[in-house]
Amino acid sequence: MYQIIDGKRISQQIKDELREQMAQRKAEGESRCLAVIQVGNDPASTVYVNNKKKACEYIGIDSLSYELPEETTEEELLALVEELNGRSDVNGILVQLPLPGHICEDKVLLAISPEKDVDGFHPMNVGNLSIGRPGYVSCTPAGVIQLLKRSGIQIEGKECVVLGRSNIVGKPMAMLLLRENGTVTVCHSRTKNLKEITRRADILVVAVGKPGFVDADYVKENAVVIDVGIHRNEAGKLCGDVDFDSVAPLASAVTPVPGGVGPMTIAMLMSNCVNGPG
Ligand code: NAP
């Protein structure tokens with residue numbers, strides 16, 4: 001019988017720990033403040049931003065909210081980031097992606113001070129991760145590590161396969177598994193004999209961005225399968241990159257969608273805000 005890795009429960013546990021930590025810090029006169037910037041009113045972004053603000057409130061982190069109109073120029077956004085970089089009362093800056101097409105995302109992400117880059121997207125933080133120095137770590141892959149650790153799944157010495165090599169999920173995921181002493185293989189769209197490689201995995205992390213892509217053919221018996229994907233199917237229901245019904249009976253542990261990796265991303269963002277670069 002497989003174990004369902006409950007991201008909802010684990011993320012709540014992390015948020016409760018952070019809430020306690022913040023209460024203690026506040027008693028000592030310390031505070032934390034996250035600035036959240038949204039440009040335009042993409043409905044999905046609005047939901048994400050509101051969830052982040054709610055999580056801040058729950059944990060006791062102050063939040064500043066900047067809801068800028070769609071026609072905000074790149075210069076105006078960069079000026080705001082610069083102003084927030086200079087404010088000593090702001091610890092974290094988050095620019096909700098995607099940005100409107102006329103604004104260069106890379107330019108904006110590069111402008112955020114690495115010391116306030118709680119999303120862990122700045123090249124300085126990415127570089128620190130790859131050479132084993134402290135820094136902010138991208139929240140979704142950091143959440144996957146917490147899911148594994150808090151479910152009692154050992155990473156050290158395990159054959160780990162990451163399906164996907166994006167800058168925000170696949171690559172940092174591979175680095176983090178390596179940091180935990182896993183033996184890591186990264187697959188992508190040009191990988192040959194994909195199923196042969198994924199079937200070697202003791203731990204398979206799927207971030208391929210294609211609904212239901214991974215079925216039982218990709219999975220070794222008793223593997224741990226982590227599904228990072230989030231999609232809405234034709235019926236409007238949330239689903240992942242893994243075909244859960246096909247894979248779960250074969251796996252030793254598996255994350256559901258929803259309620260797996262998804263809730264961990266915000267929990268790890270909050271952890272970055274409370275603990276700083278770690
Ligand atoms: P992405 O940027 O689209 O990257 C997808 C990766 O999969 C790429 O590296 C691509 O290879 C690879 N790929 C695509 N088709 C493939 C195929 N047929 N065979 C092998 N590899 C293939 O996606 P992402 O941003 O990493 O996100 C992945 C998924 O996670 C999405 O569903 C996204 O919505 C979800 N997500 C969830 C959270 C969360 O909080 N839970 C956060 C972020 C993302 P190439 O590099 O060769 O193109």
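The values are calculated or read from the model by the stated rules, or taken from the named source; none is laboratory data. Nothing here was measured: the structure is a model prediction, and the numbers come from that model. Neighbour counts run over all protein chains shown; Cβ positions are idealised from the backbone, glycine included.
Figures for the structure shown
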{"read-out": "Top-ranked residue in region 258-278 [being assigned to a loop (DSSP other than H, G, I, E, B) and crowded, with 22+ Cβ neighbours inside 10 Å; ranked as nearest to the ligand (Cβ to nearest atom)]", "value": "261"}
{"read-out": "Options 115, 105: the member that is of a type outside the set (Lys, Arg) and in contact (Cβ under 8 Å) with a residue 40 or more places away in the chain", "value": "115"}
{"read-out": "Residue in region 125-145 that is nearest to residue 271 (Cα to Cα), counting only those that are part of a loop (DSSP other than H, G, I, E, B) and away from the ligand (no atom under 16 Å from the Cβ)", "value": "135"}
{"read-out": "Residue satisfying condition, being touching a Pro at 6+ places or on another chain (Cβ under 8 Å) and touching a residue at least 40 places away in the same chain (Cβ under 8 Å), within set 147, 129", "value": "129"}
{"read-out": "Region 214-257, subset of a type outside the set (Gly, Ala, Ser) and in a helix (DSSP H, G or I), residue farthest from the chain's Cα centre (by Cα)", "value": "217"}
{"read-out": "Residue match in region 37-55 (condition: among the hydrophobic types (A, V, I, L, M, F, W, C), outside the structural domain of residue 259 (by TED's automatic domain parsing) and in contact with a Phe, Trp or Tyr (Cβ under 7 Å, 6 or more places away or on another chain))", "value": "yes"}
{"read-out": "Residue in region 234-251 that is more than 9 Å from the ligand (Cβ to nearest atom), farther than 22 Å from residue 155 by Cα, touching a residue at least 12 places away in the same chain (Cβ under 8 Å) and not assigned by TED's automatic domain parsing to the domain that holds residue 146 present", "value": "no"}
{"read-out": "Any hit, region 205-213, residues being more than 9 Å from the ligand (Cβ to nearest atom), among the small types (Gly, Ala, Ser) and in contact with a His (Cβ under 9 Å, 6 or more places away or on another chain)", "value": "yes"}
{"read-out": "Those residues of region 1-36 which are surrounded by fewer than 20 Cβ atoms within 10 Å (Cβ to Cβ) and either of a type in the set (Asp, Glu) or touching a Phe, Trp or Tyr at 6+ places or on another chain (Cβ under 9 Å) (or both), in sequence order", "value": "6, 15, 16, 17, 19, 20, 28, 30"}
{"read-out": "Evaluation of residue 154 against (1) under 24 Å from residue 2 (Cα atoms); (2) in contact (Cβ under 8 Å) with a residue 12 or more places away in the chain; (3) away from the ligand (no atom under 13 Å from the Cβ) (one fails), failing number", "value": "(2)"}
{"read-out": "Enumeration of residues in region 171-185 that are within 12 Å of the ligand (Cβ to nearest atom) and buried (at least 24 other Cβ atoms within 10 Å of the Cβ)", "value": "172, 173"}
{"read-out": "Qualifying residue in region 188-200 (condition: more than 17 Å from the chain's Cα centre (by Cα) and part of a strand (DSSP E or B))", "value": "no"}
{"read-out": "Number of the condition not met by residue 192 [criteria: (1) more than 10 Å from the ligand (Cβ to nearest atom); (2) surrounded by 18 or more Cβ atoms within 10 Å (Cβ to Cβ)]", "value": "(2)"}
{"read-out": "Test: residue in region 20-35 that is assigned to a helix (DSSP H, G or I) and under 14 Å from residue 111 (Cβ atoms)", "value": "no"}
{"read-out": "Hey, residue 110 assigned to a helix (DSSP H, G or I) and more than 14 Å from the chain's Cα centre (by Cα) or not", "value": "yes"}
